[in-house]
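Report on the following structure.
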Amino acid sequence: LRELACEKDLRGKKIVVSAGATQEPMDPVRYLTNHSTGKMGYAVARACMLRGADVTLLSSTGCTLPPVPFVKMVPYTTAEDLFDAVRQHAMDADALVMAAAVADYRPATVAEDKVKKQDGEMTLALERTQDILAWVGDHKPEKLFVCGFSMETRDLIENSTAKLHKKHMDMIVANNLKVPGAGFGVDTNVVTLITEQGSESLPLQSKDAVAHRIADAIAAVR
Ligand code: CTP
Ligand code: CA
């Protein structure tokens, strides 16, 4: 109840959040994916909803989390699906928060029938997926605030700042996977918020608390 009483400082804002892992099929049985569970993105969607925003959550069909109430849930499976959903829902929004862990590569061909094993080794040809945030960076309307995420195992600030610039984001939430309490599946995170103005490293805290810090940044725009 205390949560519901939070200030409605995002009322009137349309916010699109992506969450979870893409799944890239290689045949009707198998797919390539990653360890993202969607917890961080769901927390952002929930925080923005509680603060009065009109929220659309682009959620991987691989997410097993309960839907966020009072939020428009849009499912996606592949990076291509997510690209379509972002173009459809985010281009007239006030903010896009890309917490989804998007595959950089997908199987170059998807077999119609189950791939049967052979003697010896096999190799799988991969092709690049669309970099969705790079596209958004090149096409975004003036009013769209873009927040990306960055997961690194080394050179966190340098690598993440390079992504911020390259994809013309307004903010990037960087986390080092090797720090205890950060990363996949857990309810806490250890992040550094990076903007053109500089960086702020936050102590270990719940993903809900990190989500409210992201909501603060959206609320502070103009
Ligand atoms: N992202 C995206 N489209 C992709 C890959 C990533 O929109 N095809 C987004 C992610 O959702 C995230 C941000 O870009 O918000 C950074 O993703 P990350 O994987 O950390 O960076 P990459 O630019 O893909 O670089 P690399 O994986 O090589 O570190
Ligand atoms: Ca990547």
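The values are calculated or read from the model by the stated rules, or taken from the named source; none is laboratory data. Bear in mind that the values here come from a model prediction, so they are computed numbers and not experimental data. Every residue, glycine as well, gets a Cβ built from its backbone with ideal geometry; the counts of neighbours run over all protein chains shown. Ligands, DNA and RNA are excluded from the accessible area calculation, which covers all protein heavy atoms including side chains. Shrake-Rupley method; radii C 1.70, N 1.55, O 1.52, S 1.80 Å.
The table below gives the values:
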read-out	value
Whole-Hz ³J(HN,Hα) from phi, Karplus 6.51 cos²θ - 1.76 cosθ + 1.60, for the range 216-222, glycine and proline x	4, 5, 5, 5, 7, 6, 6
Chymotrypsin sites (Phe, Trp or Tyr not before Pro) within the range 122-188: DSSP coil, no more than 16 neighbouring Cβ in 10 Å	Phe184
Taking N as its residue count, the alpha carbon Rg of the chain over 2.2 N^0.38 Å	1.04
Within the chain, percent of DSSP bridges classed antiparallel, to nearest 5	35
Per-peptide average of other Cβ atoms within 10 Å, ordering 151-161, 35-45 highest first	35-45, 151-161
Per residue accessible area of the range 1-101, 1.4 Å probe, in Å²	45
Protection proxy ranking, peptides 187-199, 169-181, 3-15, average beta carbon neighbours within 10 Å, highest first	169-181, 187-199, 3-15
Cα-projected label distance for Val179 with Tyr105, points at 7 Å along beta-carbon direction, nm	2.9
Helical mean residue ellipticity (222 nm; -39500 (n - 2.57) per DSSP H run of 4+; nearest 500) of the chain	-7500 deg cm²/dmol
Aspartates and glutamates with Cα under 15 Å of Lys72, excluding same-chain neighbours fewer than 8 positions away	Asp54
Reachable aspartates and glutamates from Lys117, criterion Cα separation under 13 angstrom, eight or more residues apart if same chain	Asp27
Pairs of Cα atoms farther than 12 Å apart, the range 157-196, %	57
Degrees, to the nearest 10: 79-89 long Cα axis against longest axis of the chain	30
Whole-angstrom gap from the range 36-61 to the range 164-197, using each part's C-alpha centre	16
Three-way shape call for the range 140-222 based on the alpha-carbon gyration tensor, with the a/c threshold at 1.5	oblate
The range 82-122: C-alpha pair distances exceeding 15 Å, %	65
Portion, in percent, of the accessible area of the chain that falls on carbon or sulfur, probe 1.4 Å	52
Links that overshoot a 32 Å alpha carbon limit, given the list Lys13/Lys163; Lys14/Lys39; Lys116/Lys163; Lys114/Lys166	Lys116/Lys163; Lys114/Lys166
Dimensions (Å) - the range 1-123, Cα atoms, principal axes, largest first	63, 29, 19
